[in-house]
Each structure stands twice: as C-alpha cells, then as structure tokens.
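Here the structure is laid out as structure tokens; the discussion comes afterwards.
No value in this document is a laboratory result; all are computed from the given coordinates. Since this is a predicted model, take the numbers as computed values, not measurements. We place every Cβ from the backbone using ideal geometry, glycine too, and count neighbours over all the protein chains shown.
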Protein chains: 2
Amino acid sequence: MFYTDGTMRQSQLFTKTRREAPKDETAKNAQLLIRAGFVHKEMAGVYAYLPLGLRVLENIKRIVREEMNAVGGQEMIMTSLQRKELWETTDRWNDANVDVWFKSAFKNGTEVGFGWSHEEPITDMMKHFIGSYRDLPAYAYQFQTKLRNELRAKSGIMRGREFVMKDMYSYTKDAVSHKEIYDATITAYLKIFERAGLGELTFLTFASGGAFTEFSHEFQTLSPVGEDTVYLHREKKVAINKEVLTDEVLEKLNIKREELEEVSAVEVGNIFDFGGAKSEQLGLFYVDEAGKKIPVHLGSYGIGITRLMGVIVETFADDKGMVWPEEVAPFKFHLLNLLPNDEATVTYADALYTALGDTVLYDDRDARAGEKFGDSDLIGIPWRITIGKDTVASDQIELTHRATGTVEKLTQEELMKRA
Amino acid sequence: MFYTDGTMRQSQLFTKTRREAPKDETAKNAQLLIRAGFVHKEMAGVYAYLPLGLRVLENIKRIVREEMNAVGGQEMIMTSLQRKELWETTDRWNDANVDVWFKSAFKNGTEVGFGWSHEEPITDMMKHFIGSYRDLPAYAYQFQTKLRNELRAKSGIMRGREFVMKDMYSYTKDAVSHKEIYDATITAYLKIFERAGLGELTFLTFASGGAFTEFSHEFQTLSPVGEDTVYLHREKKVAINKEVLTDEVLEKLNIKREELEEVSAVEVGNIFDFGGAKSEQLGLFYVDEAGKKIPVHLGSYGIGITRLMGVIVETFADDKGMVWPEEVAPFKFHLLNLLPNDEATVTYADALYTALGDTVLYDDRDARAGEKFGDSDLIGIPWRITIGKDTVASDQIELTHRATGTVEKLTQEELMKRA
C-alpha cells in the first residue's frame, strides 16, 4: 500500500489531472501546470509546487547548483525576515523607493520586512568574514523564496508574488577580479540555459548599468509572451535593451541598427556590477596589501528558478500539453500499462518499473487507454513506454518521443540500454 | 582559484570561526554555531544557514525525507502567503485565537498572512484531488520555512521566529486506516531520531488530544535546556506530559506514579489526529463505497528540522566545541595539513583530499597547528585526519575521533577503507 522507494506509481500519486484550469488563470504556463497537477494556485501569483512540479524545480536547482559550484560559489540560505534599520542605511526601506515590500511588525511594535532581495543582509553579514585582501574573493549564493508585493500577477509562475530565485553575490578586491567572476558567470549562465533546453533561444543582453558601470547584463529568452522588447543580433548572439539602444552603444558593440530584430522576450537572468558603492554604504571594507582600507567590490547574479520553469512550459508546450526537456523533466520515462487487469502484462510492466527505478512515472491505474494517453501528453515526460496487448508475447515495447512523436519498437534489453 | 567540485578547501570557505559569539546570544547552540560559522544571526530568533550549517540541515532533511517516503509520503511545497478567508473558515485568523501570525496587506488593501502552519491550505487544496474512497489514502509532506511572531526568542535555533519544519498530512477514510499511517509514522519518527543520534534520549510522549482523541503524541528529547517537563518511564520508553498525568491515564498505560522520573525535555516532533473535524469545516469530503458523503480523516505530523539541529548541538557539545553524529555531520572527515608550506606534504594531503571527495573538509590554510586543532574541535566533524611532519615519510596518518578522543595510526590504504 505504501509508496516506499522514491519512485512513483500514478495510482498512488495524490494529484490528478484536471480537464479545466481555474477560470481566473489566464497564463498558459499555469493553466497547463495546474491541469497536469504540477502546481496549485493558492492566489494570484502564489503557487504551491506538488510532487511532479517539485521534481522539475529540484532538477532546475540541481543544474544551477552544479554550475554555480563550478565557478566557486558556496551555497547558503539567508532569511526572509528583514531588519528595517539595515535597509534604511541604503535608503531602500522607504516604499517610495522600493514598491514591492511586504511589511509587518513584531509584538513589540518594531517593523519587519519580508525579503524581496538580499544584497543588503548578505553584504552586512560579510563584515564578519571579510577584513583583509586575504579573505577575497568570496562567492555566496542561495535559492531563496522571495516575496514581492506586485500590483499585478497575471503571468502564472513567470511573475509571482512568491517565487524561487537563485541569487549569487561576488565579493572581490577590485574591478579586475570582479571581471573574472563576472565573465565566468556569464559562461555558466549560458550553460545553465543550454542544459535547461533554452540555449538557442536565450541571449546575453545589454541593459543599463546604473551609477557604476555602463552596462548591466540580462539573459533574455525569446518568447511571444515575454513582457520585454529587445533588439536582437542573431549572428552575434547578443541583444540590446531599448533603454541603451543609442548610436553610441551600437558603435561600441560594432553593430548596425538595421541588423537588429525587434523581438519579445522574458528576462530569465541578470547580472549586475555594484562597484564598491553598496559596500561603502554598508561598511564592508578590506585592508589591502599596502594597509589601505578599500570598499569591497560587489556583483550580484540572479536567475528566476520558478520563472525559468514557466518559460520552459510556454516555449515547448503544444496543443496536447507540456513537453519537458530531458534534464528538467520530472521523469525521463512515462510507463503506460494499457492492460492493468491482465496478470501477465502487470507482471511484465511491474518488472520494467522496478528496473527503471527513479527515472520512471508508472501509470498503473485501472483506466482507459485514451485517458492514459491524454494524461501522458499533458504531463509531457520525454519518453513514453507503452505496454499493450502484444508486448508480453513479442517482447516489443513501444517507445514514443513526446517532442517529435517518433515511435520505436524495442526489446526490454534494448530499452534498458536507453535508461 | 575556484572551488569547483562541491568539495571544500577551508582556505576558500567564505566563513571563518570567531572567538566570541554576539553578546546578546544566550543559547549555547547558537553561540557555538555562530562561532564556528555555521549560522549567522540576523535578529533574535532569525538565523541564516551558511555553507557548513546548510550541509547539516540538508543531511537532517535527507534522513527525514527517506523515512517519510518509506511510509508513503509524497513531497511538495506549499506557500508562505496565506489567504485570510481560508483561515477565517476555521476561526484561526483571529489574533485572539492564534497569537503568532505575521500579517501584511496586498496593494489593494486585502490582508494576507504568512504561514505559521499549513493544515488549512493543504486540506483546502485536497478538495481538487480527493472525491472518492478510491483517492484515499493520500500522504503529503513538505519542508517549509515557517514564520511565527513569537514574543520571546531566546533559545537560539531551538525556537525561531523563522524556522524549517517538516510537516506531513495524512488523509484517510476512517479511524482504522488513520491508525495504520499514524503507527507507521511513530515508527518512522523513532528511526529518524535514532539516525540523527538522539535515539536513546528521545521518547514517545503522551500529551492531551484535543476534541477528537484522548491523546496526541509528542517526541521529547531529554535535555537540561528543555522548556518542557515530562514524566519518564525509562523501562517502558514512554513519557507523559503533565497535562495528562492523571490516575486514570496512569491506569490505562499500566504505569505506577512512583515509577516516573520528572525530567526536562525538548519537543522535537508531534503527531496529531484531527478526526474528520477540520475536513468538515473546510469542506473536504469523499464518497464511500455505498455512495455516502464522509469527511476525510486528517492526521498531521511535525518535526522541527532546525530545532533538531539545535538539540543535537546542545546534546553533544563539550567544552571544546560541537560534536556531530556521523549521519548529520557537515563532513565525515576533517583533513588538517599542519605543514601547508612543505611541498611534499601538500602533495600528499592534496591527493588524500581528492581521494576522499565530498566527505572531507580540507584545512589547507596557512595557519598555525594550534589554530587548526582549535577550529577543528569547534566545528566538530567526527573524524580528524592529521597530516604532520612524519606522515609522508612513514605513511602513518593520525585519525582522531572527535567524540571520544581516540587516536589511531593508519596507512593511506587503511584510511581509504574507512571512507
């Protein structure tokens, strides 16, 4: 009776597919994710992640974690509760300056905020660990549930009031060492989007840089539902934001205006150079080789984890449902037993389920074939294994590729080689 | 220069040990965790988890996850933001009834709460998935960051305003199937505390049951810093809370009052039977085999993950620092190179570091031996490997057990057999 091994029989999965998404849900990504039982809508812009959805989220986090570790990042987790006085230091407590705060109060009346960003507390904390040039560089990152009091939330999990973000912070001696980690992170980000299936659609994008640098960089994924408009140079694989699209910038990038395409896109990542300014405001200094006190150079590097999941759904879904790229899919295989009441077939399918271990979702339900095929298309696992009336006798298993619809016939032995 | 492989060189770890904990920190667990760089105190009862601390937290979560999966639990993650109207249904929105809410408001003025518990939203969500007896049982759990507006927070990570809890919810047909998962979870909990090193000190405890059942059950770990007083029957391995310590209950449990010891303890887990009452309030019903509509039987099962980490620190620490049980320790081995400027020794230690992979923290710092030993005792990794002046020539590696101080001399080959 118990689901005992981390693998999953669909008959025991507590979620079910639904024919209809909630009427107030207008975003395709959330409609499909809700219908397939991946997420639950708690309220506008606020979604719970159910077993299948959580598996996707954890797969995306795993990819990001591996690439952040590869550039020297060290994982930690900051707090949601935020000190008012800290954010007042940088003048980002005031609602006039930051309009997405959720705020509450402790029982003694002291105001407290809920983290929508974490540059301030991490930089403040680093004062305990950074004092000398010997302590640099330091790269820290987290996967944090951010809370943002957005006025509107109509894009499903692509713009939430509660969402998961990976944010990394780099602390370096100077602009030269900053550039090392900044460039390494650009490369890591491109690898992440590649592994998440969005490599060909995602472009390094020049955006305005604020007070300290000419540019910041975003990563924009082309999408008809994107809220941003960017100007794309396909050949050079870069894009430019409207705000920095000037003749001067074009000349600097050696790009002609007529080579650019205007496209809709979603911002899936951003990287930012704060220089020494925020450290100076917050009092994070180091003493260099010559004994001089210098503000620490700060960079910040974000990826919207839940947003990325939403973009993946929007990008690959077809009229039958979702289509997951293999590295982020909740399972690699979806095993459908079309004869759940035939003993020999059940024995055959059960054995395959056991052999495939944690890579398979097993539709062992006592349900019609049509329902199983429909749910399988909706859920969008990359490879569908169909066990039907001839399978046991012939040892010919049907393997269908969700993305292309390609069908192959394989023996059990051949199939196991693909696991 | 980069930390590239998930393993860890101490010279690159961004945290450092500290001689002193913050003056306002009175709890031993937080003092040690802060001094060793495992956690950072953001404010009273609110702690960030730094790389070493996060590893411990993830190890505890792994143990709990394995045992929850083993009883049939399916992992998901609910939201922090909570709907007022839902909690009004069960009369738990009112501050007079629940005094730990943090509340805020959306931009349109609608009040919103921050999750301090999740029975209501999970039970409400289950209405999408449970309608028939065929949909039962369903067991769902999460690791959630709970926010509670506690008046006081003086116990370090043992009672936080922001803390991690594992909460599981069981939905069953009736009291009989409820008892199956309830009993299975008791066994799973005892196994979890055993694996976390607290098996001998943790006791199933009878507490008051509320409106639907005679008892609820807690798991209490004996500790001089415990806030609870319980009455322990060591031989029968059960304890009784003061609130249910009556002649009637003693008779029922076949225990004599004079066999009980009064002890201080910390509640590390609790399990609770709601019967059909909460489902009835929230409208979660199923149709049974005879077509009758029946409220779903709800059980809830909590373990304070961060609290458990605090109790482990309090229980095993000695005057030199922390002492981690092996399954929750951030690393199994702490490799100390006492000659970081001797080329042959560095080569030897580096090779060992590479061979031990993800199980080792490597103190490769250019620091004095005394500092390395002191930090190693404070950090409390179970096995210390010391590479000193004779190690390379003799191939005799010193292995010291943190808990007992036992020292062994092993060849590299013998050491690798212990990895």
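For B:Gly380, which sequence-distant residues (separation of 5 or more, or a different chain) have an amide H within less than 5 Å of its own amide H, given hydrogens modelled in the peptide plane?
HN-HN under 5 Å from B:Gly380: B:Met322.
Given Cβ point charges of +1 (Lys, Arg) and -1 (Asp, Glu) and nothing else, what value in debye, to the nearest 20, does the dipole of chain A about its Cα centre take? If you can, show how the numbers build up before the last one.
Working: 52 positive and 66 negative charges, 159 e Å.
That gives a dipole near 760 debye.
According to the Cα gyration tensor, what semi-axes, each the square root of 5 times an eigenvalue, does the equivalent ellipsoid of region A:175-273 have, listed from largest to smallest in whole Å?
Sorted largest first and rounded, they come to 19, 19, 12 Å.
Measuring nothing but label to label, 7 Å from Cα along Cα→Cβ, what are B:Phe212's distances to the other copies in nm, shortest first?
Distances to the matching label points in the other copies: 5.4 nm.
Suppose the chain between A:Lys292 and A:Glu280 were pulled fully straight at 0.36 nm per residue; how much longer would it get relative to their current alpha carbon spacing?
Numbers: separation 12, 0.36 × 12 = 4.32 nm, distance 1.41 nm.
2.9 nm is the gain from fully extending A:Lys292 to A:Glu280.
Could you check which residue among B:Val230, B:Val56, B:Val98 shows the biggest mean-square fluctuation in a GNM of chain B with a 10 Å Cα cutoff?
B:Val98
State, to one decimal in nm and shortest first, how far the label point of A:Glu85 sits from each corresponding label point in the other identical copies (label point: 7 angstrom along Cα-to-Cβ).
4.1
In region B:38-77, whose amide N lies under 16 Å from the spot 7 Å out along Cα-to-Cβ of B:Arg18? List them in ranges.
B:38-53
Each residue of region A:340-357 in order: what ³J(HN,Hα) in whole Hz does its phi give by Karplus 6.51 cos²θ - 1.76 cosθ + 1.60, θ = phi - 60°, with x for Gly and Pro?
Here the 3J(HN,Hα) series is x, 10, 9, 4, 5, 5, 4, 4, 4, 5, 4, 5, 5, 4, 4, 5, 7, x Hz.
Take the Cβ-Cβ distance between B:Glu66 and A:Arg62 as r, set R0 to 25 Å, and report the resulting FRET efficiency rounded to the nearest 0.05.
0.90
What FRET efficiency do you get for A:Thr110 and A:Glu235 if R0 is 41 Å and r is their Cβ-Cβ distance, rounded to the nearest 0.05?
So the FRET efficiency works out to roughly 0.15.
Roughly how large, in nm² to one decimal, is the mean projection of the convex hull of the alpha-carbon atoms in region A:275-413? All intermediate terms of the calculation are to be shown ahead of the outcome.
Details: hull surface 56.0 nm².
Convex hull of Cα atoms, orientation-averaged projection: 14.0 nm².
Modelling each spin label as a point 7 Å along the Cα-to-Cβ direction, I'd like the B:Ala351/A:Lys154 distance in nm, to one decimal.
Roughly 6.6 nm, to one decimal.
Report, as an integer, the average count of C-beta atoms from other chains found within 10 Å of each Cβ along B:8-17. Intermediate results must be reported in sequence, preceding the final value.
Details: counts 1, 0, 0, 1, 5, 3, 16, 8, 5, 0.
The mean count of partner-chain Cβ atoms within 10 Å per residue comes to 4.
Expressed in nm², what is the orientationally averaged projection area of the convex hull enclosing the Cα positions of region B:257-354? Numbers along the way, then the final one.
Working: hull surface 60.2 nm².
Averaged projected area of region B:257-354's Cα convex hull equals 15.1 nm².
Based solely on C-alpha atoms, express the radius of gyration and the Dmax of region B:238-314 in angstrom.
Cα only, region B:238-314: 18.7, 54 Å (Rg, Dmax).
From the mean inverse distance of alpha carbon pairs (Kirkwood) and the Cα radius of gyration, derive Rg over Rh for the protein assembly as shown.
On the Cα set of the protein assembly as shown, Rg over Rh gives 0.97.
So for each of A:390-402, A:261-273, B:22-34 I average, over its residues, the number of other beta carbons within 10 Å; can you give me the resulting order with the highest mean first? Could you put the intermediate results ahead of the total?
Values: A:390-402: 16.3, A:261-273: 20.5, B:22-34: 18.8.
Listed from highest to lowest mean packing, they are A:261-273, B:22-34, A:390-402.
Output wanted: per-residue J couplings in Hz (rounded whole) for region A:108-113, from phi through Karplus 6.51 cos²θ - 1.76 cosθ + 1.60, θ = phi - 60°, x for Gly and Pro.
7, x, 4, 5, 9, x
If you take the C-alpha gyration tensor of chain B, multiply each eigenvalue by 5 and take the square root, what semi-axes do you get, largest first, in whole Å?
Working: eigenvalues 396, 116, 91 Å².
Whole-Å semi-axes of the equivalent ellipsoid: 45, 24, 21.
Quantify how strongly other chains surround peptide A:79-86 by giving the mean number of their Cβ atoms within 10 Å of each of its Cβ atoms. Please list the in-between numbers first.
On the way: counts 13, 9, 12, 3, 3, 0, 0, 2.
So the per-residue partner count for this stretch is 5.
Could you calculate the contour length gain from B:Lys84 to B:Glu251, that is, 0.36 nm times the residue separation minus the distance between their Cα atoms, to one decimal place in nm?
In short, 55.7 nm is gained.
What is the antiparallel percent of DSSP beta bridges lying wholly in the protein assembly as shown, to the nearest 5?
Working: 140 of 174 bridges.
The antiparallel fraction comes to roughly 80 percent.
Among A:Leu356, A:Phe373, A:Gln396, which residue has its Cα positioned farthest towards the positive end of the charge dipole of region A:331-417, with +1 placed on the Cβ of Lys and Arg, -1 on the Cβ of Asp and Glu, and the dipole taken about the Cα centre?
A:Phe373
In Å, what is the Rg of the alpha-carbon atoms in region A:1-134, and how long is Dmax?
Using the Cα atoms of region A:1-134, the pair Rg, Dmax is 20.6, 60 Å.
Could you give the nm distance between label points at B:Glu200 and B:Thr26, where each point is 7 Å from its Cα heading toward the beta carbon?
Simple spin-label model gives 3.1 nm for this pair.
If I take every Cα pair under 8 Å that is 6 or more residues apart in region A:146-272, average their sequence separation and divide by the length, what percent do I get for the relative contact order? Please list the in-between numbers first.
Values: 170 pairs, mean separation 27.2, N = 127.
Computed value for region A:146-272: 21 percent relative contact order.
Read phi for every residue in region B:305-310 and hand back ³J(HN,Hα) as whole Hz from Karplus 6.51 cos²θ - 1.76 cosθ + 1.60, θ = phi - 60°, with x for Gly and Pro.
Taking θ as phi minus 60°, the curve returns 5, 5, 4, 4, 4, x Hz for region B:305-310.
Using label points projected 7 Å from each Cα along Cα→Cβ, tell me how many nm separate A:Glu343 and B:Val100, to one decimal.
If labels sit at A:Glu343 and B:Val100, their model points lie 5.3 nm apart.
Normalised by the empirical 2.2 N^0.38 Å for globular proteins, what value does the Cα Rg of region B:331-417 take?
Taking N as the residue count of region B:331-417, the ratio is 0.97.
Treating the beta-carbon of each Lys and Arg as +1 and of each Asp and Glu as -1, no other charges, what is the dipole magnitude of region A:331-417 about its Cα centre, to the nearest 20 debye?
280 debye
Quick one: in chain B, whose Cβ comes closest to the B/A rotation axis, and how close in angstrom?
Axis-proximal residue of B, distance in whole Å: B:Ser104, 2.
Please report, for B:Thr229, the nm distances (one decimal) from its label point, 7 Å out from Cα along the beta-carbon direction, to the equivalent points in the remaining copies, shortest first.
For B:Thr229, the inter-copy label distances come out at 7.3 nm.
Quote the charge dipole size of region A:194-245 about the Cα centre in Debye, to the nearest 20; the model charges only the Cβ of Lys and Arg (+1) and of Asp and Glu (-1).
On the way: 5 positive and 8 negative charges, 31 e Å.
Dipole magnitude for region A:194-245 comes out near 140 debye.
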